[in-house]
Amino acid sequence: MLTPEILLLGGPNSGKTHYAGQLYGRLRRKPGELALRTAGGTPADLSALDEVLECLEDGRAANHTSTNTWDEILLPLVDKQGRNIDLRWPDYGGEQLNSVFDQREIPEKWRSRLVEAESWMVLIRLESETTFDDALNTLNIRPNSVATPSARPNTWDANAKWVELFQLLLHVSGVGYRYRVRKPRLAILLSCYDEINNQENQPCDVLDAYLPLFSSFVKSNWAAKEVSIWGLSSLGVPLNSEDTNEDFVDDGPEEQGWIISPDGKKDEDLSKPLSWLLGE
Ligand SMILES: Nc1nc2c(ncn2[C@@H]2O[C@H](COP(=O)(O)OP(=O)(O)O)[C@@H](O)[C@H]2O)c(=O)[nH]1
Ligand SMILES: [Mg+2]
């Protein structure tokens with residue numbers, strides 16, 4: 001039995017809950033690299049995921065996970081080689097990640113989780129990340145312009161935010177990066193990928209275009225074999241909680257959503273990034 005420790009990282013509204021729900025639907029009804037293990041043992045309590053899936057079957061989005069609801073679900077999985085895997089899938093409001101960043105404090109539960117984690121799965125919704133134009137570019141366009149007080153909002157540029165957050169988390173994990181990082185293995189999932197304009201590019205190029213500083217931080221600090229960047233669209237389209245999407249109702253949520261593999265290929269098997277993280 002493998003009991004891998006995966007840390008799921010993603011801010012509020014990055015798509016964690018819908019990914020978990022859609023992954024669960026796939027595992028149950030349309031297995032790919034990974035499937036749900038049904039025989040033997042005590043049936044796992046998957047009611048939280050059932051609830052998400054029920055909303056999607058009605059063609060509606062699920063509700064926001066409040067900070068304290070469900071913290072961990074045990075997914076009993078089996079892979080193509082017949083290996084049994086018990087995956088503890090954490091879900092949380094996502095606000096916690098922001099407060100780690102804002103308050104520079106890591107709750108005890110997170111600390112032990114960070115130390116034990118063999119891999120990190122990070123969800124980043126690029127279209128919701130705030131970045132600021134490079135001030136040097138402005139100087140090039142208008143060489144004689146006079147500096148005016150900037151009206152920038154009081155938030156971090158997402159590049160700096162993610163680099164800082166990664167540095168914090170690596171520090172608490174006890175991982176140095178004088179040498180390239182091999183553990184934790186890292187999968188970056190660019191979530192809600194249907195919102196992105198240049199979907200035909202490879203996900204690593206898309207990350208590069210949106211968050212160049214963070215992208216180069218990852219590339220220069222991780223061993224190339226231990227990091228991969230994916231596009232993830234769990235739903236394929238935007239949903240809301242009032243209107244009904246008929247495709248979800250007629251064909252089932254398991255027919256919706258896709259990923260883009262690191263090599264740029266579209267695939268409907270949403271378990272692939274997970275399977276890559278769990279691989280040799
Ligand atoms: N367009 C689009 N919207 C999505 C997708 N996945 C989730 N969403 C929406 O993004 C919002 C946040 O998703 P949720 O899974 O609750 O994020 P969480 O806070 O990280 O758990 C919800 O309004 C979802 O309907 C997707 O693949 N595409
Ligand atoms: Mg959630």
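Every read-out reported here was derived from the displayed coordinates using simple, explicitly stated rules and does not represent laboratory data. Please read all numbers here as calculations on a predicted model, not as lab measurements. Quick reminder, even Gly has a Cβ in these numbers, built from the backbone with ideal geometry, and neighbours come from all protein chains shown.
Counting only residues at least eight positions apart within a chain, or on another chain, the lysines with an alpha carbon under 19 Å from that of LYS266 are LYS30.
Computed extension gain for ARG88 through ARG29, at 0.36 nm per residue and net of the alpha carbon distance, reaches 19.2 nm.
Semi-axes of the chain's equivalent ellipsoid from the Cα gyration tensor, sqrt of 5 times each eigenvalue, largest first, rounded to whole Å? Spell out each step's value before the answer.
On the way: eigenvalues 209, 107, 68 Å².
Output for the chain: semi-axes of 32, 23, 18 Å.
Distances between every pair of Cα atoms in the range 149-236, grouped in 5 Å steps from 0 to the bin holding the largest one, split as 3, 13, 20, 22, 18, 13, 7, 3, 1, 0 percent. Residues whose amide H comes within less than 5 Å of that of TRP222, counting only those at least five positions distant or on another chain, are VAL181 (H built at 1.01 Å from N in the peptide plane). Once the dipole of the range 166-280 is set up with Lys and Arg at +1 and Asp and Glu at -1 on Cβ about the Cα centre, which of PRO238, SER261, SER216 lies farthest towards its positive end? Result: SER216, furthest along the dipole toward the positive end.
Over the range 205-280, the hull volume per residue, using the convex hull of the C-alpha atoms, is 122 Å³.
Normalised by the residues of the chain, what does the relative contact order come to in percent, with Cα pairs under 8 Å and at least six apart?
On the way: 460 pairs, mean separation 72.8, N = 280.
Reported relative contact order: 26 percent.
Once the C-beta distance of ASN98 and THR244 is scaled by a Förster radius of 35 Å, the resulting FRET efficiency is 0.60 to the nearest 0.05. Going Cα to Cα from LYS225, which lysines come in below 18 Å? Please leave out same-chain ones fewer than 8 positions away. Within the straight-line limit of under 18 Å, LYS225 reaches these lysines: LYS183, LYS272.
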